[in-house]
Amino acid sequence: MKKTTKPFKRLKRHLTSENLWLPIMSIIRKDGEAYAYTLPEEMERRFGFKCSRVMVYIVLHMLEGQKLISSIEKGRRKYYKLTSSGEDTLDDAKKYLKMLSSAL
């Protein structure tokens with residue numbers, strides 16, 4: 001196995017842990033809604049990395065403040081759904097990443 005270089009590690013960090021909103025919003029979109037407690041395991045299963053629950057809650061709070069997601073109470077649990085602005089933002093991010101990838 002090749003040794004991972006610092007630039008590659010930095011790229012991976014920027015695309016994963018420093019932009020948690022992308023996998024979080026992707027999971028919410030694909031599942032229709034998401035329960036915050038399960039998101040770290042889902043991110044590990046779907047995207048190959050895991051972050052702390054605290055970070056997930058921080059990002060969810062930020063996204064809700066920016067009106068990209070909304071929350072709904074179901075019993076004692078809070079679930080999150082994408083807003084139309086969140087859908088548009090996620091679409092724009094995916095288009096940008098695809099364009100960048102094809103240009104590379």
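Just so you know, all these numbers are worked out from the coordinates, no wet-lab data involved. From a predicted model like this one, the values you see are computed outputs, not experimental measurements.
Worth pointing out:
- For residue 69, the residues 5 or more places off, or on other chains, whose built amide H falls under 5 Å of its own are 64, 83.
- Karplus-based coupling profile of the range 4-21, in residue order and whole Hz: 6, 7, 4, x, 5, 4, 5, 4, 4, 4, 5, 7, 10, 5, 8, 9, 4, 4, with θ = phi - 60° in 6.51 cos²θ - 1.76 cosθ + 1.60 and x standing for Gly or Pro.
- 3J(HN,Hα) along the range 63-71: 5, 5, x, 8, 6, 8, 9, 10, 10 Hz, from the Karplus curve 6.51 cos²θ - 1.76 cosθ + 1.60 with θ = phi - 60°, whole Hz, x for Gly and Pro.
- Adding -39500 (n - 2.57) for every DSSP H run of four residues or longer, then dividing by how many residues the chain holds, sets the calculated 222 nm ellipticity at -19000 deg cm²/dmol.
- In Hz, Karplus ³J(HN,Hα) per residue of the range 47-58 (6.51, -1.76, 1.60; θ = phi - 60°; x = Gly, Pro): 10, x, 9, 10, 10, 6, 4, 4, 4, 4, 5, 4
- Average Cα contact separation per residue, the chain, under 8 Å, 6 or more apart, as relative contact order %: 25 percent
- Fraction of C-alpha pairs exceeding 18 angstrom in the range 6-103: 47 percent, rounded to a whole number.
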